[in-house]
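A short write-up of the structure that comes next.
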Amino acid sequence: MNRTEFIIVTAIILFVAFCLGYFANWLVHRFIRVSGADVDEVERMAQELHEAEETRDQAITYLQQREADLTNQLSQTEAELAATMDGLRDARREAEELRNALSGAS
């Protein structure tokens, strides 16, 4: 191999190495690159996620409050039912005593 062939082969190898490096650089930047529209979309999605989480938290708070109200209302209704049943039992007992007193007096 003479001097001219060596220079040409070296130049070709360096050119191929340059092309491979340029292609690798382009490929890496192509996959890593984030455009302004992508950043805006990510920010918009993050804002929507934050709003959804706030809505979820508000819904959970509302449901817990509603459950507490319904539980309280149920307890009051059960207490009223028990009082009504006691009153009805007393009234029946009193009516039976009055019947017995009236039938015994006749």
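The value for the chain of Rg(Cα) / (2.2 N^0.38 Å) is 3.43. For region 55-65, putting each phi into the Karplus relation 6.51 cos²θ - 1.76 cosθ + 1.60 with θ = phi - 60° gives couplings of 4, 4, 4, 5, 5, 5, 4, 4, 5, 5, 5 Hz, in residue order, rounded to whole numbers and with x for Gly and Pro.
Just going by the charge dipole of the chain, with Lys and Arg at +1 and Asp and Glu at -1 on Cβ, which of N100, F6, W26 is farthest out on the positive end? Among N100, F6, W26, the one farthest towards the positive end of the dipole of the chain is F6.
A full extension of the chain between R99 and E5 corresponds to an added length of 20.4 nm, given 0.36 nm per residue minus the alpha carbon distance. With R₀ fixed at 35 Å, the C-beta to C-beta distance from Y22 to H50 puts the FRET efficiency at about 0.25. Between the Cα long axis of helix 3-32 and the first principal axis of the chain there is an angle of about 20°, rounded to the nearest 10.
All of the numbers you see were taken from the coordinates with simple rules; none came from a lab. Since the structure is predicted, the reported quantities are computational estimates derived from the model, not experimental observations. Positions of Cβ are backbone-derived with ideal geometry, glycine not excepted, and every protein chain shown enters the neighbour counts.
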